[in-house]
Structures are given as C-alpha cells and as structure tokens.
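Read the structure below first, then the notes.
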Amino acid sequence: MRDTQLYSQILGIAKPWKVTGVQVSLVDDEVEVAVAHGGGQLVCRQCGKPCPGYDKRVRRWRHLDTCQLKTVLEADVPRVQCPEHGVVTIRVPWAEPGSGFTALFEALVINWLKVASISAVADRLRLSWNAVDGILQRAVKRGLSRRAGLAPRKLSVDETAYRKGHDYITVVTDQEQGVVLHVAENRETHSLGEFYELLSEAQKSGIESVCMDMWPAYIRATRDALADADHRIAFDRFHVAQYLGKAVDQVRRQEHRRLLGQGRCAPEGSKYQWLRNRSTMDWHQQRGFTALRKASLKTARAWAIKEFATRLWGYQSRTWAHKGWQRLLNWMARSRLKPMQQTAKTLKKHLWGILNAVLLGVDNSHAESMNSRIKTVKVRARGFRNKQRFRNAIYFHLGGLQLYPDGIKG
Ligand SMILES: [Zn+2]
C-alpha cells in the first residue's frame, strides 16, 4: 500500500478530499500529510448554497500522532464567493472552522484536560499553554451553545470564594442532574438575576424549589424572577445548622471566659465535641460528653437547642412544622443565651423559607458537594488568571456539557 493510501485510511480522508503526499521528517519527529480538494461543486460554509470558487488558502491542522510522530495536515482550502456571505473558506470535514487542530485532536486534548491541568497537557502534547487553553475555552462555548432544552426543577444557589477574602462567585446547580447550570461573578442580586434571565417563562414556571442561604441578594433576585417565589425559596438545613453551630460556639467561648475569670475548670478543648453530632461519637466519647453535659453549663443548654433543631426537618404538614419550629424559637428566645436569642431572630424572620425546605424535602447537600468539587478544580489549576477562566473551568468539569467538536461522540 502506498503511504498516501495508508494515510487516507488512517486519517479517514474521503472524497472529494484526497491525500496527495506524505513527508516524514525524522529530525523534527514530524510527518506532514498533504491533502487536496479533488474538485466538484463547492458550497458556502455559512448557508450551504453552491457558489463559484474564488481562490485557495493554505491551512494547517495538528492531528493525532501517527507512528509516534507529530502529525500535521496541510491543505489548499478553496474559498468561494457567496452572494450573501462574501468570500468564505469552505468547510473541511476534519476540523471546526477557525481551529488549528483536527476535531479528533481537540477531542484528545479535551479527554486529557478532564484529568490533568492545562500546563501538564501542554507539556505532554508539545503545545503552548494558550493553545490548550483555547481548546478548553472553545469546548465550553460549544457545550453551552448546545444546552438548549433545560428543564431544571430543583435548584441550589450557593456562593464560593474565588480568592481569599471577599471575592465570590455565585454557582447555580441542578440538584437532580448534579450539574452546574450557571456561574456568575460576585454574589449580588444581578449575579443570580442573570441566570433567571436566560430562562424562558416555561422553564421558570417549572422550577419547584430554589435552595439557598438566607442571603438577601439571592432572595431578592428569586422574588424578582419567579412568580410565587415565597413558596419556592427554601432555606436548607445545612445553613440553618451552621447558624446554630456558630451560636453554640459563641456561648461556649463566653462561658469559657467567665469560668476562667472565676478560676474554675472550663470545658477546655471541648469545642469540637459541642459542634459534633452525637450519633457519630464512640462509647468513650459519649460517656465523656454526658459528663460534660451534666455540668449544666450554658453551653449544654445551647447544644440541646441545636440538637432539637435537627429533629424538625421531617414534617409533612405545614401546621405541624410551624408548631415544631415555633417551639424551638420560643425556647431560644427564653434561653437567656444572647447568641441563641439573636439567632432566633434571624430564623424567625426566615421561618417561611425554612418551612418551605421542610415541606419540599430539599436541602443543599448537592451544592455542598459541588462546592468541594469546585475546590478540587481550583487546586488542580493552582489558581486562575481571572474569574472568567475559573468560571469556564467549572463549566468544563462540572457543567455536564457536550464538549467535543461536531461529529465526535463522547
Ligand atoms: Zn453563503
């Protein structure tokens, strides 16, 4: 078999294209495959209408290595003169317009990027960082443009830190599909608002619940966008537990200081015991903890309140749920523990959304696990040059997108 024939088969070059020459350079470890258009009717890339030929342009594409040699396709690509679109290059079957890589090569890079950083892939494939990054950015753009028929029912909205300090991004997750739907800068009303703006009326009315922290900007954005938002916004158990955990900790610290002042033995080092869930303790820990609790410290009362709250998430009826939570809030208000009383005020103000979370049976555990996956993406990249790149990396790894070029199945 002649090498031109061999390469036609390896590269899958079919009529009207044909391989016209193969040149191997062992000095550069490279093989260059010349491909030519065999003539026939030319069509415009934009509208598909037959058009007269105009001229030809030399183009090159990096392809998958063959025989361990870096392999490059080179072709004189005809340009046509379309009455509507002017002079345009015709489409080639092996690559997307504007790309310097064949579709198969881009798919290879995409596969590698799923498990390695941009720099690692660039090193391995002897490409520049920018070239690999370009493939990633295009893949995300392609994936997002293909995502049309979304019908999310259960959403989670959460913030995640972009850099240390107060630099955040907002992440919207589809709880059922387990994918990131939207990443926006900051955590303002418009950060979430821009997501709702992308949705049709039908998509918006299909949303059953939006799980979130009691964050005014997210509440406002959801109220602006969704009818009946006050029945769909859910303040979930993880965030409520966080507030209560913080209050227990404040009580503990205040008490620690008070006991130190009196020269009495304080529950030194017990911080984590009070924050922990009892069911995760072993026998020794439980016994020690019971003793600690019996000391009738203020911390014990605060802890009992936090424990009680964990049992209030199973109600089926709004009336009973309301009664249960009201009992908790009354207890907190009467507790004579300042941090608990303050937290009670916050919870009372948001009780409507807490009750929604109870009755809709939703929580933010998906968003929490998504958050840790986002951290993994961040660690792997060892930081991002800007938020836009961070955003696209999240879409790439966690967006559930179809990233490959046309015609290539994932
Ligand atoms: Zn055209």
- Message: Can you go through SER128, SER156, SER119, SER145 and tell me which one is without any contact (Cβ under 8 Å) to a residue 40 or more places away in the chain and within 17 Å of the chain's Cα centre (by Cα)?
- Response: SER145
- With the condition kept exactly as written, say whether any residue in region 33-47 is surrounded by 15 or more Cβ atoms within 10 Å (Cβ to Cβ), touching a Leu at 6+ places or on another chain (Cβ under 6 Å) and under 19 Å from ALA103 (Cβ atoms). yes
- Query: Going by the structure shown, is GLN46 within 14 Å of the ligand (Cβ to nearest atom) and under 34 Å from the mean Cα position of the chain (by Cα)?
  - Reply: yes
- Item | Positions within region 49-75 being away from the ligand (no atom under 16 Å from the Cβ), part of a strand (DSSP E or B) and not charged (D, E, K, R), in sequence order | VAL58, TRP61, HIS63, LEU64, THR66, LEU69, THR71, VAL72, LEU73, ALA75
- Name, by its number, the condition in (1) part of a strand (DSSP E or B); (2) more than 16 Å from the ligand (Cβ to nearest atom); (3) loosely packed, with under 15 Cβ neighbours inside 10 Å that does not hold for VAL87. (2)
- Task: Show the residue pairs that are 6+ apart or on different chains and have beta-carbon atoms under 7 Å apart, the first residue being within region 165-183 and loosely packed, with under 15 Cβ neighbours inside 10 Å, the second being part of a strand (DSSP E or B) and at pLDDT below 90.
- Result: ASP167/ALA161
- Query: Are there any helices (runs of 4 or more DSSP H) wholly within region 331-410 with 3 or more residues that are farther than 25 Å from LEU108 by Cβ, and if so which?
  - Reply: 338-349, 351-360, 365-381
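If only one of VAL80, VAL33, VAL115 is assigned to a strand (DSSP E or B) and either out of contact with any Gly (no Cβ under 7 Å at 6 or more places or on another chain) or away from the ligand (no atom under 16 Å from the Cβ) (or both), which one is it?
After ruling out the rest, the residue left standing is VAL33.
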- Note on the structure: When every residue in region 196-225 that is in contact with a Ser or Thr (Cβ under 8 Å, 6 or more places away or on another chain) and more than 16 Å from THR160 (Cα to Cα) is compared, the one surrounded by the most Cβ atoms within 10 Å (Cβ to Cβ) is VAL210
- Query: Somewhere in region 11-25, is a residue part of a loop (DSSP other than H, G, I, E, B), touching a strand residue (DSSP E or B) at 6+ places or on another chain (Cβ under 8 Å) and within 16 Å of the ligand (Cβ to nearest atom)?
  - Reply: no
- Can you name the residue in region 184-211 that is modelled with pLDDT under 95 and aliphatic (A, V, I, L, M) and, of all such residues, is farthest from LEU150 (Cα to Cα)? ALA184
- Considering region 148-178 alone, what residues qualify as being of a type in the set (A, V, I, L, M, F, W, C), more than 15 Å from LYS375 (Cα to Cα) and touching a strand residue (DSSP E or B) at 6+ places or on another chain (Cβ under 8 Å)? LEU150, LEU155, VAL157, VAL172
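Somewhere in region 97-104, is a residue more than 16 Å from the ligand (Cβ to nearest atom), in the same structural domain as GLN46 (by TED's automatic domain parsing) and in a helix (DSSP H, G or I)? Break it down into steps so the answer makes sense when it comes.
Residues of region 97-104 more than 16 Å from the ligand (Cβ to nearest atom): 98-104.
Keeping just the survivors that are in the same structural domain as GLN46 (by TED's automatic domain parsing) gives 98-104.
Now narrow it down to the ones that are in a helix (DSSP H, G or I): 103-104.
Yes, region 97-104 contains a residue that is more than 16 Å from the ligand (Cβ to nearest atom), in the same structural domain as GLN46 (by TED's automatic domain parsing) and in a helix (DSSP H, G or I).
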- Query: Can we say PRO93 is within 16 Å of the ligand (Cβ to nearest atom) and either of a type outside the set (Phe, Trp, Tyr) or assigned to a loop (DSSP other than H, G, I, E, B) (or both)?
  - Reply: no
- Screening SER145, SER128, SER156 for residues that are among the small types (Gly, Ala, Ser) and either surrounded by 17 or more Cβ atoms within 10 Å (Cβ to Cβ) or modelled with pLDDT under 90 (or both) leaves only SER156
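The values are calculated or read from the model by the stated rules, or taken from the named source; none is laboratory data. All figures in this text were calculated on a predicted structure; none of them were measured in a lab. Backbone-built Cβ (ideal geometry, glycine too); neighbour counts: all protein chains shown.
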